[in-house]
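To start, the structure under review is shown below, and the notes come after it.
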Amino acid sequence: MNKLFSNIKIAELLGMLSSSRRIAIVTHVNPDGDAIGSTIGWSNFLKERGFNPVIIVPNHFPDFLKWINCTENIFVHFNQKDTCEKLLRNADLLFCLDFNKLSRLDALGEYIMTLNVKKVLIDHHIGVEEKDFNLVFSKTPISSTCELVYRIIWQITNKNRVSPQIAEALYAGIMTDTGAFAHSCSSELFRIVADLMECGIDREKIHASVYNSFSVNRMRLMGYCISKMEILPEYRTAYITLTKEELDRFRFEPGDTEGFVNIPLSIKDVVLSVFFTESKDNYIKLSLRSTGDFSVDAMARKYFTGGGHKNASGGKSFVPLNETVAFFKSVLPEFEELKIEN
């Protein structure tokens with residue numbers, strides 16, 4: 001396996017660890033499989049080296065990730081604000097995983113910005129705001145933050161074996177962030193996956209825990225989304241919208257819409273899919289996915305205060321849902337690559 005980071009950078013990381021006693025780990029709003037897998041995996045690695053890190057997330061994460069070892073010990077800033085902020089005030093080293101700028105943590109990020117704590121970023125998204133961090137481990141072509149965590153551990157230990165608890169968490173994050181190994185997969189990634197499998201994980205159990213444990217309400221919501229999906233064939237685009245009332249009707253729980261944005265991409269000739277969700281925090285959340293050369297990262301950055309990856313990005317809109325969709329449609333003619341080729 002190729003080394004992603006210089007020996008100097010790894011030595012700097014080890015130096016920061018050696019001078020630290022209280023470590024915290026944070027990840028982004030609406031934590032997904034890569035966010036939870038990478039924070040749990042990195043936390044367990046640090047525990048093996050004698051530290052006792054705490055993990056703090058901005059808000060709740062999906063139930064289908066709670067089977068991962070140690071998730072019961074995660075602190076949620078949304079309903080444990082005082083406890084989380086005390087833990088952060090007392091920390092002398094903060095690891096920031098799976099996001100490219102502190103603003104992706106909303107209120108938690110705003111609080112972190114007020115602290116004088118050393119911050120280390122481990123992330124694979126485009127557009128890192130390096131000024132927010134003291135040390136950055138960032139590689140955008142990499143499949144997931146979990147892959148980055150594995151590679152950093154490998155460079156530190158010079159071993160391709162980790163504990164089953166670390167392997168399980170990292171495998172889950174890699175699996176979910178690649179769409180069950182459907183995209184962003186290099187030959188080296190599959191070698192890493194083989195290494196993780198040889199660490200004693202139960203691959204079938206992990207897959208079933210993530211993909212075969214959804215609620216009836218979630219399945220009905222998915223069917224409803226498919227039924228109201230809109231197709232714009234002239235732009236090879238599809239989109240789905242959900243209002244707060246619709247989410248309430250189906251008793252929405254965090255994670256229930258995970259993966260829905262990918263469904264339209266299974267339609268022949270659709271290359272862009274957008275999922276609009278009305279948030280209880282008075283903004284519209286956008287999830288954007290594409291295939292081929294069309295960059296949803298560029299679209300999200302230019303028009304929706306977001307970004308991420310070329311074929312998978314997110315964004316926000318601060319006008320009502322109907323206005324957001326109308327604006328989205330109005331900018332589509334700008335993108336020549338979406339138009340049907342004659």
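The values are calculated or read from the model by the stated rules, or taken from the named source; none is laboratory data. This one's a predicted model, so the numbers in the text were calculated from it and none came from an experiment. Reconstructed Cβ throughout: ideal geometry from the backbone, glycine too, with neighbour counts over all protein chains shown.
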- Counting only residues that are touching a residue at least 24 places away in the same chain (Cβ under 8 Å) and either acidic (Asp, Glu) or closer than 19 Å to residue 151 by Cβ (or both), how many does segment 47-79 have? 3
- Query: Taking segment 180-205 as the region of interest, how many residues are in contact (Cβ under 8 Å) with a residue 60 or more places away in the chain, not in a loop (DSSP other than H, G, I, E, B) and not hydrophobic (A, V, I, L, M, F, W, C)?
  - Reply: 2
- Task: Only residues in segment 109-120 that are in the same structural domain as residue 22 (by TED's automatic domain parsing) count as the first member; pair them with residues that are buried (at least 20 other Cβ atoms within 10 Å of the Cβ) and in a strand (DSSP E or B), Cβ under 6 angstrom, at least 6 apart or cross-chain, and list the lot.
- Result: 117/94; 118/93; 119/94; 119/96; 120/95
- Query: Across segment 270-304, what is the number of residues that are touching an Asp or Glu at 6+ places or on another chain (Cβ under 7 Å) and either under 15 Å from residue 231 (Cα atoms) or surrounded by fewer than 21 Cβ atoms within 10 Å (Cβ to Cβ) (or both)?
  - Reply: 2
- Select, from 261, 216, the only residue that is surrounded by 21 or more Cβ atoms within 10 Å (Cβ to Cβ), aliphatic (A, V, I, L, M) and under 24 Å from residue 176 (Cβ atoms). 261
- Message: Checking the conditions here, which among 174, 192 is within 20 Å of residue 313 (Cβ to Cβ) and either modelled with pLDDT of 95 or more or surrounded by fewer than 23 Cβ atoms within 10 Å (Cβ to Cβ) (or both)?
- Response: 174
- Can you find a residue in segment 221-230 that is surrounded by 19 or more Cβ atoms within 10 Å (Cβ to Cβ) and more than 30 Å from residue 166 (Cα to Cα)? yes
- Flagged in segment 226-270 as outside any loop (DSSP other than H, G, I, E, B), in contact (Cβ under 8 Å) with a residue 40 or more places away in the chain and over 21 Å from residue 332 (Cα atoms), in numbering order, are none
- Query: Is it the case that residue 94 is under 28 Å from residue 131 (Cβ atoms) and crowded, with 23+ Cβ neighbours inside 10 Å?
  - Reply: yes
- Query: Would it be correct to say that residue 51 is among the aromatic types (Phe, Trp, Tyr) and out of contact with any Leu (no Cβ under 9 Å at 6 or more places or on another chain)?
  - Reply: no
- Among the residues of segment 233-269, which ones are touching a Phe, Trp or Tyr at 6+ places or on another chain (Cβ under 8 Å), of a type in the set (A, V, I, L, M) and within 16 Å of residue 322 (Cα to Cα)? 240, 242
- Note on the structure: Of the residues in segment 128-163, those that are buried (at least 16 other Cβ atoms within 10 Å of the Cβ) and part of a helix (DSSP H, G or I) come to 132, 145, 146, 147, 148, 149, 150, 151, 152, 153, 154, 155
- Only one of (1) at pLDDT 95 or above; (2) under 16 Å from the mean Cα position of the chain (by Cα); (3) within 16 Å of residue 103 (Cβ to Cβ) does not apply to residue 313, and that is (1)
- Item | Hits in segment 292-308 (condition: part of a loop (DSSP other than H, G, I, E, B), out of contact with any helix residue (DSSP H, G or I) (no Cβ under 6 Å at 6 or more places or on another chain) and under 17 Å from residue 264 (Cβ atoms)) | 292
- Message: Being touching a residue at least 40 places away in the same chain (Cβ under 8 Å) and either among the hydrophobic types (A, V, I, L, M, F, W, C) or under 27 Å from residue 326 (Cα atoms) (or both) is the filter here; which residues of segment 206-224 pass it?
- Response: 210, 214, 222
